[in-house]
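Q: Following this message is one structure expressed as structure tokens.
Only the coordinates and a few stated rules stand behind these numbers; no lab work does. Everything numeric here is computed off the predicted structure, so don't read it as measured data. Counting neighbours? That spans all protein chains shown, and the Cβs are built from the backbone with ideal geometry, glycine included.
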Amino acid sequence: MANKTTTNEIFNGTNGAVWIATDSENLKVGSMDKFSLKQTMQYEDVELSEDIIKKRKLTGIELTGEISKFKVDFKMIDIAKKYKDGDQLDIYFIGKVYNNNTGLEQKVKIKGVTLDEIDILNLEQKTPTKESTSFGAEDWEII
């Protein structure tokens, strides 16, 4: 008989943290709202003779993600300014998720991060301001 999953075993985004690191600083994002990294596999179709079933061959991998945080500082604008001045920073993220009930924890280092867009100014009446930044990456590893 299979074990039943309890709610205490389910990971919760509240039990996680993200750091943004550049050449000059390592910043824990205390105001993090959401963070994601997705690995998308890229395939080419392969049709072999004498076989009616189409096959797929892995030809590449793309890493993309998004970080959303409540606006409490100007760190992302500082990074945007450096990009605007032509300085492409060496950026990496570290993400950590843990479960206090089970003791399970995982940290992932996301390397070769390139930022696609950064909110310079974003306001909405009667709404806490969030900054959302999409990114691409070259690699990830479990640490």
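Q: If amide H atoms are built 1.01 Å from N in the plane of the peptide, which residues on other chains or at least 5 residues away come under 5 Å of the amide H of residue 33?
A: Residues meeting the amide H criterion: 68, 69, 70.
Q: In whole Hz, with x marking every Gly and Pro, tabulate ³J(HN,Hα) for the stretch 19-25 from phi via Karplus 6.51 cos²θ - 1.76 cosθ + 1.60, θ = phi - 60°.
A: 10, 10, 10, 10, 4, 10, 8
Q: Another question, if that's okay. Going by the alpha-carbon gyration tensor, a ≥ b ≥ c the square roots of its eigenvalues, is the stretch 97-140 rounded (a/c under 1.5) or, if a/c is not under 1.5, prolate (a/b greater than b/c) versus oblate?
A: Because a/c hits 1.5 or more and a/b fails to exceed b/c, the stretch 97-140 counts as oblate.
Q: Next up: I need the shape label for the stretch 1-70. Rule: rounded when a/c is under 1.5, else prolate if a/b > b/c, else oblate, with a, b, c from the alpha carbon gyration tensor.
A: oblate
Q: As a quick test, which of the pairs 55/96; 34/82; 84/130 have an alpha carbon distance above 29 angstrom in this structure?
A: 55/96
Q: With a sphere of radius 13 Å drawn around the Cβ of residue 116, what net charge do the other residues whose Cβ falls strictly inside it have (Lys, Arg +1; Asp, Glu -1)?
A: -4
Q: Here's a follow-up. Collect residues whose amide H, placed 1.01 Å from N in the peptide plane, falls under 5 Å from the amide H of residue 129; neighbours closer than 5 in sequence don't count.
A: 71
Q: Any idea what % of Cα-Cα pairs in the stretch 12-143 are farther than 19 Å?
A: Summing the P(r) of the stretch 12-143 above 19 Å gives 58 percent of all pairs.
Q: Dipole of the chain (Lys/Arg Cβ +1, Asp/Glu Cβ -1, origin at the Cα centre): which of 134, 32, 59 lies farthest to the positive side?
A: Projecting each Cα onto the dipole axis, the largest value belongs to 32.
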